[in-house]
1. Taking the Kirkwood radius as the inverse of the mean 1/r across Cα pairs, report the Rg/Rh of region 1-59.
2. What is the packing order of peptides 51-62, 31-42, taking the mean over residues of other C-beta atoms within 10 Å and listing the highest first?
3. Apply the Kirkwood formula to region 54-106: the hydrodynamic radius equals the inverse of the mean of 1/r over all pairs of different alpha-carbon atoms; give it in Å with one decimal.
4. How far is it, in nm, from the label point at residue 110 to the one at residue 59 when both lie 7 Å from their Cα along the line to the Cβ?
5. Taking mean projected area of the Cα convex hull in nm² straight from the coordinates, which label in [x] 9.5; [y] 7.7; [z] 8.8 is the correct one?
6. Give me the number: length gained by fully extending residue 93 to residue 38, i.e. 0.36 nm times residue separation minus the C-alpha to C-alpha distance, one decimal in nm.
7. Quick one: work out the % antiparallel among DSSP beta bridges in region 3-120, nearest 5.
8. For the chain, what does -39500 (n - 2.57) per DSSP helix run (n ≥ 4), summed and divided by total residues, give at 222 nm, in deg cm²/dmol to the nearest 500?
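All of the numbers you see were taken from the coordinates with simple rules; none came from a lab. What you see is a predicted model, and the numbers here were worked out from it, not measured in a lab. Cβ placement follows ideal geometry from the backbone for every residue including glycine, while neighbour counts extend to all protein chains displayed.
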């Protein structure tokens with residue numbers, strides 16, 4: 001069986017609130033943000049820093065509910081500083097059978113990491129519209 005690596009959740013343009021070099025590792029996130037993007041504790045994530053282009057992989061830990069916390073812990077604290085804007089991607093491996101039920105969530109926030117909107121994306125093209133053409137959505 002073939003599996004495809006897909007984005008299942010995205011926290012778009014979060015603001016880093018803390019960086020703790022002396023912590024053992026991970027990214028600490030407000031659980032409200034985690035739930036909105038379908039991120040679970042200890043799930044591996046990809047984090048990209050818009051200020052310096054750093055791309056990092058680490059796991060999620062929940063912080064205080066409603067705090068807006070986005071804290072890079074351990075080694076990533078050298079590359080992600082308070083005030084930096086980041087994108088957090090939650091990915092999954094799915095089968096072709098799961099493709100049509102994929103519902104990727106993109107969470108948009110304000111400068112204080114308060115959720116402004118959540119947009120759900122479905123696979124493109126819908127299987128019912130596959131006709132061999134190369135038209136873009």
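1. Ratio of gyration radius to Kirkwood radius: 0.98.
2. 31-42, 51-62
3. Computed over Cα pairs of region 54-106, the Kirkwood hydrodynamic radius comes out at 13.9 Å.
4. 3.4
5. Only one option fits the structure, namely [x].
6. 18.4 nm
7. The answer is about 75 percent antiparallel.
8. Counting only the DSSP helices, I get -1500 deg cm²/dmol.
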